[in-house]
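Just passing along the structure, written as structure tokens.
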Amino acid sequence: MLPYFIHGFLILGLAWRIWHVDRSPVRIAYWPALVLKLGAGLLLGYIYSHHYTGSDTVSFFSSSIELTEIARTDFGSYLHYLWSVSEAPYSGENRTLFFVKIVSLFSLITSDHYWIVSLYFSLLSFFSAWWLVRQIAHYFPAMTQASLVAFLFFPSSVFWTSGVIKEAMAMMALYFLAGFFIRLWVTNRLNLMEVIAILFSTWILWNLKYFYAAVFFPVAATGWLTRWFVVNRMRPSARNFYRESLLFGVLFLVMLFIVTFIHPNFYPQRVLEVVVENYRQFIQISQPGKAIVYNDLQPTLGSIISNMPLALVSGLWRPFLWEASNLFQVLVSLENVFLFLFMVFSIKNFQYLRTSSQRILLVGVLVYCCMLCSFLALSAPNFGTLVRYRVGFIPFLVLLISYRSVLTKILSSRIKVQ
């Protein structure tokens, strides 16, 4: 019990310190959101350790214990392994090895207590989400309530970024990157420490979920360049939503072309082959009715484009209620219904997208969500996997569609932003 008492005190102390110095207008939501986040991490661990065999979170922790045993007998060898070994000895899964190394650091300081490690991961993930909400509330006050719902209280955004899973660390990095981008967007400057934090977050995200980064950075760079061209090269009388969107599209294609040189899996032909290979592997291991089945998906641009509408719809709203076969899937399906209602009530927001002074930024968020959703649904069609992977875009989509939504006003009515 002593480790739980010590680390529980440390976690509570860190949480209280952040809250104590926070004077932001969203401060009142801090403790409810934190309790929800920590509870979600514990719930995830309980569900996957008691109701599933061979779950990721359990295997990650078990592998980390193997490393902590090395550390306790030969700390030098442990440090050498952390720094030098990059090829995984199992399944060639280097991203998993990278994550296991991170988990082992926390396992080492907690004496191999899974639940304490889970609390730390959830706490760090919460801090990043809280910081992003504060940035949005500070620079775009009108989106404060939407950001609270999107990043701190929407079920998927909370559950799948908590506990000992890759998404917790990956989204922590992505939230920091998004927050720094917002600050750069508004202030046009970053200090040295912020640049270092960006580089560190990029390193974490790239090693855990490089496909998140592969969409985020082209979209962010495109948005920045588009605004630069609009502000510095386009006459005010010529500026409108459609011209700016066209310019965004052209520059985005240029950014995607540049990305193809960054990673072998992003080579134009190879990226299509990777998508189809992953799709076929998931279909082979998925039970009938538990995955998206496309129409003769082939590694050609025409085949990918023709199947994208189904991928987009499925990535957003499947599994449907009639496709759910257990309680967990029913809960996911109900959230999908809720997400659908959110989108229906936000249709009128399109007029704000066209007239907003920040329409370039909003278009960038929309493009990021649609593109990541489509390619995740194409390459990871299994519903169970897709539900977890799509956390990379769901919070940003909820932010976009819940802005000015009547549902957001209802949900946040009891959390009065000061």
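With respect to Ala150, determine if the residue is under 15 Å from the mean Cα position of the chain (by Cα), surrounded by 23 or more Cβ atoms within 10 Å (Cβ to Cβ), closer than 22 Å to Phe338 by Cβ and not assigned by TED's automatic domain parsing to the domain that holds Tyr403.
For Ala150, the condition - under 15 Å from the mean Cα position of the chain (by Cα), surrounded by 23 or more Cβ atoms within 10 Å (Cβ to Cβ), closer than 22 Å to Phe338 by Cβ and not assigned by TED's automatic domain parsing to the domain that holds Tyr403 - is met.
Restricted to region 272-331, and to residues that are under 25 Å from the mean Cα position of the chain (by Cα), among the aliphatic types (A, V, I, L, M) and not in a helix (DSSP H, G or I), which residue is farthest from Cys369 (Cα to Cα)?
The qualifying residue farthest from Cys369 (Cα to Cα) is Ala324.
Quick one: His138 ticks every box in (1) of a type outside the set (Asp, Glu); (2) buried (at least 20 other Cβ atoms within 10 Å of the Cβ); (3) at pLDDT 90 or above except a single one, so which number is it?
(2)
Only residues in region 305-317 that are closer than 14 Å to Tyr279 by Cα and in contact (Cβ under 8 Å) with a residue 60 or more places away in the chain count as the first member; pair them with residues that are of a type in the set (Val, Ile, Thr) and part of a helix (DSSP H, G or I), Cβ under 9 angstrom, at least 6 apart or cross-chain, and list the lot.
Every condition considered, the pairs that remain are Ala311/Ile304.
Of everything in region 374-413 that's among the basic types (Lys, Arg) and modelled with pLDDT of 90 or more, which residue is nearest to the chain's Cα centre (by Cα)?
Applying the filter and picking the extreme gives Arg390.
Every residue, every condition in (1) of a type in the set (A, V, I, L, M); (2) buried (at least 19 other Cβ atoms within 10 Å of the Cβ); (3) more than 28 Å from Leu272 (Cα to Cα), yes or no:
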residue: Val344; (1), (2), (3): yes, no, yes
residue: Ile360; (1), (2), (3): yes, yes, yes
residue: Cys373; (1), (2), (3): no, yes, no
residue: Gly384; (1), (2), (3): no, no, no
residue: Ile394; (1), (2), (3): yes, yes, no
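With the requirement that a residue be assigned to a helix (DSSP H, G or I) and under 21 Å from Leu184 (Cα atoms), what does region 354-380 give you?
Arg359, Ile360, Leu361, Leu362, Val363, Gly364, Val365, Leu366, Val367, Tyr368, Cys369 - these are the residues of region 354-380 that are assigned to a helix (DSSP H, G or I) and under 21 Å from Leu184 (Cα atoms).
Could you list all residues from region 27-55 that are in a helix (DSSP H, G or I) and not hydrophobic (A, V, I, L, M, F, W, C)?
Of everything in region 27-55, those that are in a helix (DSSP H, G or I) and not hydrophobic (A, V, I, L, M, F, W, C) turn out to be Arg27, Tyr30, Pro32, Lys37, Gly39, Gly41, Gly45, Tyr46, Tyr48, Ser49, His50.
Let me ask another. Within region 219-276, restricting attention to residues that are over 23 Å from Ile305 (Cβ atoms) and of a type in the set (Ser, Thr, Tyr), which residue is surrounded by the most Cβ atoms within 10 Å (Cβ to Cβ)?
The extreme case among them is Thr226.
Determine whether Leu119 is in the same structural domain as Glu66 (by TED's automatic domain parsing), modelled with pLDDT of 95 or more, assigned to a helix (DSSP H, G or I) and under 21 Å from the mean Cα position of the chain (by Cα).
In short, yes.
Scan region 293-341 residue by residue and report those that are among the aromatic types (Phe, Trp, Tyr) and buried (at least 19 other Cβ atoms within 10 Å of the Cβ).
Tyr294 - this is the single residue of region 293-341 that is among the aromatic types (Phe, Trp, Tyr) and buried (at least 19 other Cβ atoms within 10 Å of the Cβ).
The values are calculated or read from the model by the stated rules, or taken from the named source; none is laboratory data. Note that the structure is predicted; figures quoted are calculated from it, not measured. No Cβ is skipped: glycine too gets one built from the backbone with ideal geometry, and neighbour counts run over all protein chains shown.
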